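Working notes, beginning with the structure itself.
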Amino acid sequence: MLTFAAAVFFLIVTPGPGVLSAAGVGSAFGFRQATRYLIGLFIGSNIVGAAVISGLAAVILANPAIRTVLMAASLAYLFYLAAKIAFAGAKIAFMQSKRGPGVGAGIMLQVINPKAYAVNTALFSGFSFAPDNYTFEVAMKLAIMYAIWLPIHLGWAYAGASLHRLNLSTRAQRRINYAMAAAMLMVVLLALFSSFFA
């Protein structure tokens, strides 16, 4: 069980679309909006978890065409979120947004997030500690995941929101927003790289 908890911690704490976007939303729009976004991420994580546990994800993702469509949708959506964060508060008409991504955006990101499927598949198909009682094992894994997922994501959102609360100059806030968006785009580039060379 401790090995599983350690795996959960390291798989979730490493920057991926979820935690980076939580920090970005916090930085660009504040903690209240980031909390709404986190609710969506949490719901989306549970949808992905249910798909993995039930085997539905394995059946769907076995089709290369569906995997390609999901990867393209994920990359496009990450570009959109990165742009929304980068141009928060900007006067650029086509991207101007005073309201950040909310619950729906969080759900959408997780449902099309390749890292969410990879992490859940690794955690639920490995690290068996109660092979004779699958229901107990799944329940314990979910409890451990929630106990680790919530504080990590809240911490990233709070870190981003702390930058937002500093009341920095418009120029400094814009640079932070650009940096958060660039970090998300780096995840997009890494995902593209890994999909071509996997």
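Where a number appears in this text, it was derived from the coordinates with a stated rule and is not lab data. Because the structure is predicted, anything quoted here is derived from the model rather than measured. Cβ coordinates were reconstructed from backbone atoms using ideal geometry, including for glycine residues, and neighbour counts include every protein chain displayed.
Rg and Dmax of segment 1-121, based on Cα coordinates, read 15.3, 51 Å.
For the pair S54 and M1, what calculated FRET efficiency results from E = 1/(1 + (r/R0)^6), where r is the Cβ-Cβ distance and R0 = 22 Å, to the nearest 0.05? Intermediate values should be presented prior to the final figure.
Details: r = 23 Å, r/R0 = 1.03.
After rounding to 0.05, the efficiency reads 0.45.
Listed values for segment 147-153 are Karplus-derived 3J(HN,Hα) couplings in whole Hz (6.51 cos²θ - 1.76 cosθ + 1.60, θ = phi - 60°), namely 5, 9, 4, 4, x, 5, 5, and x replaces Gly and Pro. For segment 29-76, the equivalent ellipsoid built from the Cα gyration tensor has semi-axes of 27, 16, 4 Å, listed from largest to smallest.
With R₀ fixed at 35 Å, the C-beta to C-beta distance from D132 to I39 puts the FRET efficiency at about 0.50. What Kirkwood radius, in Å to one decimal, follows from the Cα pairs of segment 46-175? In segment 46-175 this quantity evaluates to 17.4 Å.
Counted residue by residue at 0.36 nm each, then reduced by the alpha carbon distance between them, the extension gain from T68 to R32 reaches 9.5 nm.
Taking 0.36 nm per residue of separation and subtracting the Cα-Cα distance, full extension of the segment from L61 to Y178 would add 38.8 nm.
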